[in-house]
1. From the list Thr187, Thr135, Thr191, which residue is part of a loop (DSSP other than H, G, I, E, B), within 27 Å of Gly86 (Cα to Cα) and polar (S, T, N, Q)?
2. Of all residues in region 97-129 being of a type in the set (Lys, Arg) and within 19 Å of Gly148 (Cα to Cα), which is nearest to the ligand (Cβ to nearest atom)?
3. Give the residue that is surrounded by the fewest Cβ atoms within 10 Å (Cβ to Cβ), with candidates limited to residues of region 49-70 that are of a type in the set (D, E, K, R) and within 16 Å of Arg39 (Cβ to Cβ).
4. Take Cys82 and decide whether it is out of contact with any Asp or Glu (no Cβ under 9 Å at 6 or more places or on another chain), modelled with pLDDT of 95 or more, buried (at least 19 other Cβ atoms within 10 Å of the Cβ) and not aliphatic (A, V, I, L, M).
5. Only one of these is of a type outside the set (S, T, N, Q) and within 30 Å of Leu380 (Cα to Cα): Ala131, Ala171, Ala136. Name it.
6. Does Val388 meet the test of being over 23 Å from the mean Cα position of the chain (by Cα), hydrophobic (A, V, I, L, M, F, W, C), under 30 Å from Arg252 (Cβ atoms) and surrounded by 21 or more Cβ atoms within 10 Å (Cβ to Cβ)?
7. Of (1) within 30 Å of Gly138 (Cα to Cα); (2) within 15 Å of the ligand (Cβ to nearest atom), Phe412 satisfies all except one. Which?
8. Report yes if some residue within region 162-179 is within 15 Å of the ligand (Cβ to nearest atom), basic (Lys, Arg) and surrounded by fewer than 24 Cβ atoms within 10 Å (Cβ to Cβ); otherwise report no.
Amino acid sequence: MSTPGVRALLGACSVSGDKSISHRAVLLAALSPDQSRIRGLATALDCRASVRAAVRLGAAVVERDGELLIRGAPELPRGEVCIDCGRSGTTMRLLAGILAARDGASVLLGEPQLLARPMERVSEPLRAMGARVETAPGGRAPLRIRGGGLVGIRYRLPVASAQVKSAVLLAGLRAEGRTVVEEPVPTRDHTERLLVAMGAGVEEGWQEGVRSIAIGPTQLGGLDLDVPGDASSAAVLAAAAALVPGSCVTVRSVSANPTRTAFLSLLVEMGAAVEVGESGPGAEAAADVTVRHRPLRAVEVGTDRVPLLVDELPLLGLLATQAEGTTVVEGAGELRFKEVDRISGLTEGLRRLGATVEESRDGFAVSGPTRLHGGAVDSLGDHRLAMVFSLAGLLAAGGVTVAGTEFIGDSFPEFRSVMRSLQ
Ligand code: S3P
């Protein structure tokens, strides 16, 4: 559908380091007594919580010439530690695994938004390994952990979550025997890749379509890593290019990890033109990505595809308003447990802008194409919804006022300036 008056987005840009990879790089580096060097760390505010946590774990952290140098303490500090994870769910869940394996007591706290998120999903397997983990009522944080003396388990993920997988694997680094995580549906594999890059023996297996990852007690070596550009921030720019007629946008050096590129395949399925350049070397490869606008068509996304698209599904909701047909997303109930309930937040916001949208228990359906109109929408304090609604402003006659854009910095502080550079 043509959207008169909208200026095409044109040009090349880059995004800061990937948030998921940065959290892991920093926290894993804090576990190694060797020096780690991390280049291109995420500017995402969430990742600062992981850097603070690394320091609380006794690591020496220095920033020099664009590199973060981290050397973990020979042993994790004893005695009670209390760590504020801010709004970062990844920091809290990964730390839970690290602290469960450490002798001593610890408390994990965070901002009210984080204290409302489910933590039983990590507490339960860590208890099964022998840690004492107490949650607040409803299985929420603060988490009180008394760790040490863990024994490896075989654990099949009841929810497809890379954070839960990572928490169990990190606890497994200091558990007796082997720890095996089984994931019926693949999730992002950054933890496994970085563990291998730090010298850990990680065994991967497949049985009847279920992936298993096994690890034993390990002393990690140092990490030397170039963090590629954030796949989810790049997805926002790719979506913008796919939405606005005449656009052609290149994002340089984006994570080419195959567990993070599902959104690009989805754009192709919807009809956008996507070119991915050659991947570079390293544990976490990068490639340039170019996206050109083309008329879009509806797609269907079910349970199997959700985990590798989970952070991009709100973008899909907006794309679907401009696509021919009805886009249906099912099996995405996890979206209700992100920073906010992203299913109701997304559907409410899109409806206010004139979209034809239905909310379901575990997803949504959007029919298009629709000419969006202007209005006021609320991101509910969620960075991803704030960016989706800001992109809607490119299409809506009359402009969109978004409440809560200050939270965009949680993942993509440069969003506004990068968008401006393309307009
Ligand atoms: C993340 C995994 C996903 C994702 C989150 C980051 C990670 O969460 O939504 O933004 O870095 O492991 P779940 O593992 O809970 O699905």
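The values are calculated or read from the model by the stated rules, or taken from the named source; none is laboratory data. On a predicted model such as this, the values are computed, not experimentally measured, just so you know. For neighbour counting, all protein chains shown are included, and Cβ atoms are generated from backbone atoms with ideal geometry for every residue, glycine included.
1. On the way: Thr135 fails: part of a loop (DSSP other than H, G, I, E, B); Thr191 fails: part of a loop (DSSP other than H, G, I, E, B).
Of Thr187, Thr135, Thr191, the one residue that is part of a loop (DSSP other than H, G, I, E, B), within 27 Å of Gly86 (Cα to Cα) and polar (S, T, N, Q) is Thr187.
2. Going through region 97-129, the residues of a type in the set (Lys, Arg) turn out to be 102, 117, 121, 127.
Retained after the next criterion (residues that are within 19 Å of Gly148 (Cα to Cα)): 102, 127.
Working: Arg102: 21, Arg127: 19 Å.
Within region 97-129, the match that is nearest to the ligand (Cβ to nearest atom) is Arg127.
3. Keep residues of region 49-70 that are of a type in the set (D, E, K, R), which gives 52, 56, 63-65, 67.
Those left that are additionally within 16 Å of Arg39 (Cβ to Cβ): 63-65, 67.
Values: Glu63: 12, Arg64: 8, Asp65: 6, Glu67: 16.
Among them, the one singled out is Asp65.
4. Values: out of contact with any Asp or Glu (no Cβ under 9 Å at 6 or more places or on another chain): yes; modelled with pLDDT of 95 or more: yes; buried (at least 19 other Cβ atoms within 10 Å of the Cβ): no; not aliphatic (A, V, I, L, M): yes.
Taking the combined requirement at face value, the residue does not satisfy it.
5. Details: Ala131 fails: within 30 Å of Leu380 (Cα to Cα); Ala171 fails: within 30 Å of Leu380 (Cα to Cα).
One residue alone meets the criteria, Ala136.
6. Numbers: over 23 Å from the mean Cα position of the chain (by Cα): no; hydrophobic (A, V, I, L, M, F, W, C): yes; under 30 Å from Arg252 (Cβ atoms): yes; surrounded by 21 or more Cβ atoms within 10 Å (Cβ to Cβ): yes.
So Val388 does not fit the description; no.
7. In the conditions (1) within 30 Å of Gly138 (Cα to Cα); (2) within 15 Å of the ligand (Cβ to nearest atom), Phe412 misses (1) alone.
8. Going residue by residue through region 162-179, those that are within 15 Å of the ligand (Cβ to nearest atom) are 162-170.
Of the ones still in play, those that are also basic (Lys, Arg) are 165.
After this cut, where a residue has to be surrounded by fewer than 24 Cβ atoms within 10 Å (Cβ to Cβ) as well, the list is none.
No, because not a single residue in region 162-179 is within 15 Å of the ligand (Cβ to nearest atom), basic (Lys, Arg) and surrounded by fewer than 24 Cβ atoms within 10 Å (Cβ to Cβ).
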